[in-house]
Amino acid sequence: MKKRILALTLVFALAFTICALFTGCGEKPSGPNPDPTQKPVKATVLRASTPTAPDHPWTLGLQKIAEDVSERTGGRYKIDVYPNASLSEGSEKTMTEQIYTGTIDMGVSPASLCSTIFSCFGFPFSYDDRDHIARVCDSEIAKEMLATLEEKGMHAIAFVENGFRQITNNVHEVKVPADAKGIKIRTPQSATTIACMEAIGFDTVAISAGELYVALSQGTANGQENALSTIYNNKYYEVQKYLTVINYNWSPALIGINSELWESLSSEDKAIFEEVINDSAAYVNELLAAQDEDFIKKLEEAGMQIYICTPDDIAQFREAVVTESLKDTYRGVVGEDIMNRFFQTIEDTRSK
């Protein structure tokens, strides 16, 4: 009897040992044992901002940068995106200054707010098409202008569209310069924009962007000039009746990183950020170009009366505006040397 009990005890002990070895006592391991020497990746969190709404291409471009940088660096960088200049009380000017100081790490900002030298891009009726614009943005003078922002605190990497500017008003259709007479048009506090609108024949009044909707609704101004995306997203169609699609000028925005942060990056990370940002800029520009026709349709559906200028109309506007007097105004704002070189670049990059 004792031998039988001993034998059974040995059998049970052997079975228990086998169970422990092969099944973990009935529980399968959920995965490989973690390497105790391997530390988890600690992400560096960066703050990126833009003055545009969450669904605007500038914001979508920053979100794409955030996703691509995280993937390319194995999660070492996490970029939080803040639309509507929400870290800057809604002010795109304050937002730009915060990138300079490093309060915000990176963002998309209108180039004219970064430096007055970028006003040269907005000289009226300068470009044949968007391909021409792309060649100008890739020119030596454009790269030199980007480099001047380093001393202000921004490493600017890529141009994105701020759009072709159009004209709206509440008085009557504007088809040719003679139609501008008697219309009081809002401009930003920009000497070049004021000079351009006055050359066309408008009366001008400088009003900040934040006050524009109310000013239009109250009649402080009869009209304004902006990109189609701004006209639609800011609902100016609610307080403006007539839209003239004139493409009278084009202006850029910049994707930039705080200079001190940029210098702290390794050469490998700099290469990743540059490639990702340039890819995102191309993506943003494609989105904005594709949206033009859609915005015209939406504004028409919203009740605006739309006139698209013909080549003959444009020729009349060009004759009224593109003068030596206006060129001198731009030279005074931008600087004579840069402006003259920019004029030459525009001509050198035209399709032959």
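No lab work stands behind these numbers, since they all come straight from the coordinates. All of these numbers come straight from a predicted model, not from anything done at the bench. In this analysis, Cβ positions are derived from the backbone assuming ideal geometry, glycine residues included, and neighbour counts consider all displayed protein chains.
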Open item on the list: Can you tell me the length gained on complete extension of the stretch GLU198 to THR101, counting 0.36 nm per residue apart and subtracting the Cα distance?
Closed with: 31.3 nm
TODO: Quote the FRET efficiency, to the nearest 0.05, computed for LYS235 versus ALA282 with a Förster distance R0 of 25 Å and r equal to the Cβ-Cβ distance.
DONE: 0.30
Open item on the list: So if I take the centroid of the Cα atoms in region 64-123 and the same for region 156-207, what is the distance between those two points in Å?
Closed with: 26 Å
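Would you work out the relative contact order for the chain, in percent, from Cα pairs under 8 angstrom that are 6 or more residues apart? Write out the running numbers ahead of the final one.
Numbers: 543 pairs, mean separation 77.9, N = 352.
Relative contact order, the chain: 22 percent.
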- [ ] Have a look at region 44-348 and give its Rg and Dmax from the Cα atoms, expressed in angstrom.
- [x] 19.4, 60
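Structure shown: which of LYS152/LYS298; LYS235/LYS327; LYS184/LYS352; LYS181/LYS241 lie over 28 Å apart, alpha-carbon to alpha-carbon?
Working: LYS152/LYS298 40 Å; LYS235/LYS327 33 Å; LYS184/LYS352 40 Å; LYS181/LYS241 17 Å.
With Cα atoms farther than 28 Å apart: LYS152/LYS298; LYS235/LYS327; LYS184/LYS352.
Using 0.36 nm per residue of separation minus the Cα-Cα distance, give me the extension gain between ASP348 and ILE308 in nm, one decimal. All intermediate terms of the calculation are to be shown ahead of the outcome.
Values: separation 40, 0.36 × 40 = 14.40 nm, distance 2.86 nm.
Length difference between fully extended and current span is 11.5 nm.
Starting from 0.36 nm per residue, how many nanometres of slack lie between ASP294 and VAL322 once their C-alpha separation is accounted for?
Working: separation 28, 0.36 × 28 = 10.08 nm, distance 2.99 nm.
Taking 0.36 nm per residue and subtracting the Cα distance, the gain is 7.1 nm.
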Open item on the list: Can you show me the helix-derived [θ] at 222 nm for the chain, built from DSSP H runs with n ≥ 4 at -39,500 (n - 2.57) apiece and divided by the number of residues, rounded to the nearest 500.
Closed with: -14500 deg cm²/dmol
Open item on the list: If I model a spin label at ALA191 and LYS152 as a point 7 Å from the Cα along the Cα→Cβ vector, what separation in nanometres do I get?
Closed with: 1.6 nm
Task: Positive minus negative residues near ILE200 (Lys, Arg vs Asp, Glu; Cβ under 11 Å) - done: -3
Task: Which of VAL334, SER266, ALA320, positive extreme of dipole for region 259-352 (C-beta unit charges) - done: ALA320
TODO: In whole Hz, with x marking every Gly and Pro, tabulate ³J(HN,Hα) for region 184-198 from phi via Karplus 6.51 cos²θ - 1.76 cosθ + 1.60, θ = phi - 60°.
DONE: 8, 9, 6, 10, x, 7, 10, 4, 5, 5, 4, 4, 5, 5, 5
